[in-house]
Each structure stands twice: as structure tokens, then as C-alpha cells.
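Here's the structure, in C-alpha cells; my notes come after.
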Amino acid sequence: MTIDIPGYRAGTWTLDPAHSEVTFSVRHMMISKVRGTFGVKSATIVAPENPLDATVSATVDVASIDTNDENRDAHLRSADFFDTEEHPTMEFVSTGTRIEGGDFFVDGDLSIRGVSKPVTFELEFGGFGQDPYGNYKAGASATTVINREDFGLTWNAALETGGVLVGKDVTITLDLQGSLQA
């Protein structure tokens, strides 16, 4: 199947880190959500003529985690969670792009803490355009939910009132902007 996306151009796209963000949210004490961000080290999309044949590879700097609490961030970097000394990055490599019911999905392998699992991101195109400097840009958002325990992130603490300190489900959201390479 070939699709037509207005403004789409084939080529190699690289991430614009100043206009991109990786965020996450997870339940805390089962009563609220903690949100945080990661810095993106690199991301490349190779886009052939048919957008459904595009490939994506991305690397995130895990040590860049920021939840607006330095003590929590240090704990998340420790061996209890991400173990950034041994596993400094998270990686995503796509295995396919598809359309279902008019929605776009990107399937791929997500690697966290040395564990790779298949995940699916739901993709929302923001559009295409040329910036004031002549660079052709594309924007998109993508979201998935993972079970952190599937990736070896199993630390938790029981609460006196019942439940646990940290939820299992983590929502990951990517807000990305990239530039078409000349």
C-alpha cells in the first residue's frame, strides 16, 4: 500500500533537539502522576517514496532524566531503576509503519536497561513546512504505554494504606521536529 501525505518528501530526516522532547508519566502512590523528561541524543528517519516504508532509529540519554526533584532523579539513575552507569541510553528501532482505521502506528523494538521488547507508538503528524532559514521541517507526536517491569524496572515500595509507591504503566510521549537533510 502506498499513501499520499501532503508535503511529504523522501530523504533522510534528523532530529532537531531544540524543538523535540521525550516525556513520560507514571502513577505515584496510585493517587497522582509524576511526569518527567529525557534528553534525546539522536534520531534519524529514513523516508523512502512510500511513507509506510520509513525507518526510525533513536537514542535517548537516560542520565538526562528530569522530574523536577533532584533526589528522585538520582534514585531513578541508580541500579534500583535505570542503572545509568551500566545502561546510559535507551534505544528505539522501528520494524514497520502501518495505518489502521485512518490512524498511523510505528512498531519497533524499545531497549531499556539492556532489555528489548516490541512496542507500538501511535503517531500523529503535525505537518511539514520551511523555516525562515530555508530548512524543510516535519513535526509529529507519538505515544505508547509500557509496563516498566517488562524492562527490568521492578523496584517498588508497599504503602501502609495499600498499593505501591510506583505504578507499572508508563506513558511515553514523543514530540518531535526534524529537518530534511540536503
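The values are calculated or read from the model by the stated rules, or taken from the named source; none is laboratory data. Just so it is clear, the model here is predicted, and its values are computed rather than measured. Reconstructed Cβ throughout: ideal geometry from the backbone, glycine too, with neighbour counts over all protein chains shown.
What are the residues in the stretch 112-138 that are over 30 Å from Leu153 (Cβ atoms) and in a loop (DSSP other than H, G, I, E, B), if any? Result: Asp131, Pro132, Tyr133, Gly134, Asn135.
Scanning the stretch 79-103 for residues being farther than 22 Å from Val40 by Cα and hydrophobic (A, V, I, L, M, F, W, C) gives a total of 1.
Quick one: in the stretch 27-45, of everything that is more than 17 Å from the chain's Cα centre (by Cα) and part of a strand (DSSP E or B), which residue is surrounded by the most Cβ atoms within 10 Å (Cβ to Cβ)?
First, pick out the residues of the stretch 27-45 that are more than 17 Å from the chain's Cα centre (by Cα): 27-33.
Subset that is part of a strand (DSSP E or B): 27-28, 32-33.
Values: Arg27: 18, His28: 16, Ser32: 8, Lys33: 11.
Within the stretch 27-45, the match that is surrounded by the most Cβ atoms within 10 Å (Cβ to Cβ) is Arg27.
Limited to the stretch 77-95, what total is found for residues that are surrounded by 13 or more Cβ atoms within 10 Å (Cβ to Cβ) and touching a residue at least 24 places away in the same chain (Cβ under 8 Å)? Number satisfying all stated conditions: 11. Looking only at the stretch 113-172, residues that are over 30 Å from Pro6 (Cβ atoms) and of a type in the set (S, T, N, Q) come to 5 in all.
Quick check on this structure: which one of Val34, Val119, Val115 is of a type in the set (A, V, I, L, M) and either under 24 Å from Thr14 (Cα atoms) or touching a residue at least 40 places away in the same chain (Cβ under 8 Å) (or both)? Talk me through it step by step, then tell me what you get.
Values: Val34 fails: either under 24 Å from Thr14 (Cα atoms) or touching a residue at least 40 places away in the same chain (Cβ under 8 Å) (or both); Val115 fails: either under 24 Å from Thr14 (Cα atoms) or touching a residue at least 40 places away in the same chain (Cβ under 8 Å) (or both).
Val119 is the lone residue from the list that is of a type in the set (A, V, I, L, M) and either under 24 Å from Thr14 (Cα atoms) or touching a residue at least 40 places away in the same chain (Cβ under 8 Å) (or both).
The set of residues in the stretch 98-132 being among the charged types (D, E, K, R) and farther than 20 Å from Leu176 by Cα consists of Glu100, Arg113, Lys117.
Of the residues Arg72, Arg9, Arg35, Arg27, which single one is modelled with pLDDT of 90 or more, of a type outside the set (Gly, Ala, Ser) and within 24 Å of Val106 (Cα to Cα)? Every option except Arg35 fails the conditions. In the stretch 14-26 there is no residue that is surrounded by fewer than 13 Cβ atoms within 10 Å (Cβ to Cβ) and under 30 Å from Trp155 (Cα atoms).
Just a yes or no: is a residue in the stretch 65-74 among the small types (Gly, Ala, Ser), more than 19 Å from Asp169 (Cα to Cα) and either out of contact with any Ser or Thr (no Cβ under 7 Å at 6 or more places or on another chain) or assigned to a loop (DSSP other than H, G, I, E, B) (or both)?
yes
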